[in-house]
1. Label points 7 Å out from Cα along the Cβ direction at L205 and F300: separation in nm?
2. Tell me, what ³J(HN,Hα) does each residue in the stretch 84-99 have, in order and in whole Hz, if you take phi through Karplus 6.51 cos²θ - 1.76 cosθ + 1.60 with θ = phi - 60° and put x for Gly and Pro?
3. Over the chain, what is the relative contact order in percent, taking alpha-carbon pairs closer than 8 angstrom and at least six residues apart?
4. Quick check: Cα centre of the stretch 239-311 to Cα centre of the stretch 42-106, how many Å?
5. Between S240, S364, S152, which gets the highest mean-square fluctuation from a Gaussian network model of the chain, Cα cutoff 10 Å?
6. If amide H atoms are built 1.01 Å from N in the plane of the peptide, which residues on other chains or at least 5 residues away come under 5 Å of the amide H of V121?
7. Report the calculated FRET efficiency for N98 and D214 (r = Cβ-Cβ distance, R0 = 56 Å), to the nearest 0.05.
8. Would you please name the chymotrypsin sites (Phe, Trp or Tyr not before Pro) within the stretch 296-389 that are DSSP coil residues with at most 13 other C-beta atoms within 10 Å of their C-beta?
Amino acid sequence: MSDLLEIIEPQYFSGFKCIASDCPDSCCIGWDVVIDEETYNKYKSCDIDILKESFRNNIVRNENNIGISNYIPYAFVKLNNNACSFLTGERLCFIQKNLSESFLSQTCSTYPRVINVVDSVLERYLCVSCPEAARLVLLNKDPIRLINAGYSEKNINNYRVNTLHTRGNDKYLFFKESRQFCIDLMQNRMFTVWQRLLVMGEFCLALDLINHEDRMADIECVIADFNKPFINDLLKKFDSYDSDHTSQLQAVKILLDYSLNDRFISDRYREYVNKFEQGLYLTGDYLFQNSVVEYKNAYFKYYSPLMIEHDYVFENYIVNHMLKEIFPHVSHSNGLTANYSIYDKYILLVLQVAMTKSLLIGISGYYNEKFSIEHVVNVIQVFTKNISHNQIYLHQALEFIKAAKMDNIEGVMTLIKNTCL
Ligand code: SF4
């Protein structure tokens, strides 16, 4: 058994099946299509007439890739109006249709699955940037549970993170305990989702402290400190702060406006931002303070009633994010991302949750009584595809939050607290 890796995955994972031409979005549109070296060589040596010229014309070698790297793409497919050149008029993959799935690149054959190898265990998750995956992950009323799914060959190359490769630092030794604490906390339905997130912020600060002091072996003590009385005291402190809808809307509006500058932003994302603005009268001469009133109304009248009934959606969104991003762990620069502390990663998560929630509040003001759980799932999917995969935007958003001095618990509260939820 030593040549094999144990596989764990959430209970929803095996239910995924790509819906191809029925997909309301497509992973072949709006992203760079990355080709790994092995697939590149396969395409270059292909001698099937209908494909070889297409491969020659549409695959370009990435000059920034020198040597072996899991992070810098080896080659790309040329895009045609932001879509993969191999996407047919019927929205099917030309390569898969004419050859087989085994000819797809690692990225194309893996997405929307995310594979990490954590402490010699292969973990598989789904990313909610795919509409079908979003439905499976978000709409499950039961808490996400990890199950054993058999064993895999050790020799795999489509993983995103392999903690074995970074085992220069001992910190992974204590990762299991801290992750389990965060997952248990985020699935504790005694508290609202926003209370759970706020407590997690305090926990991440404590983790960063012992990490800086090289005391990660004290993790058990930190976890023991976060007992029931301590959490209740924290909640009392959080309850004493009033929510600040004006600053919340101001910050999110700036972040959303800035997100629209990216060349890969899709029409579906623009449409939702537009509905958010229309729902709150954020366009034209309407006074911002009046939009804040609309924002509060939409929250209490349309958003909150629906989300109280479906609060597992944000819980699943956050837990799925934490699992696939191996949260809470310090992330080292990989050539594409910066070095982030555990608390930075927490703020990045809060940012995405806060932006999605505010976007939904505005959109609930647009749809009024027609605001539904399908809108919630669609908005989270479109937001994840356009924003959560954009490392450059996320980094700039984090810098903005730091510059606005909102990277503290009060700032987090401003971003995510709307009284009861
Ligand atoms: S986004 Fe998901 S469902 Fe849509 S084409 Fe891609 S894998 Fe299939």
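1. Modelled inter-label distance: 3.1 nm.
2. Whole-Hz 3J(HN,Hα) from phi for the stretch 84-99: 4, 5, 8, 7, 7, x, 8, 6, 10, 7, 4, 5, 5, 5, 9, 10.
3. 20
4. Between the Cα centre of the stretch 239-311 and that of the stretch 42-106, the gap is 39 Å.
5. Checking each option, the largest mean-square fluctuation is seen for S240.
6. none
7. 0.50
8. Passing sites in the stretch 296-389 do not exist.
The values are calculated or read from the model by the stated rules, or taken from the named source; none is laboratory data. For clarity, every value in this text was computed on a predicted model and none was experimentally measured. Heads up, the Cβs are rebuilt from the backbone with ideal geometry, glycines too, and the neighbour counts pull from every protein chain shown. We work out accessible area using only protein heavy atoms, side chains counted, and drop any ligands, DNA or RNA first. Shrake-Rupley method; radii C 1.70, N 1.55, O 1.52, S 1.80 Å.
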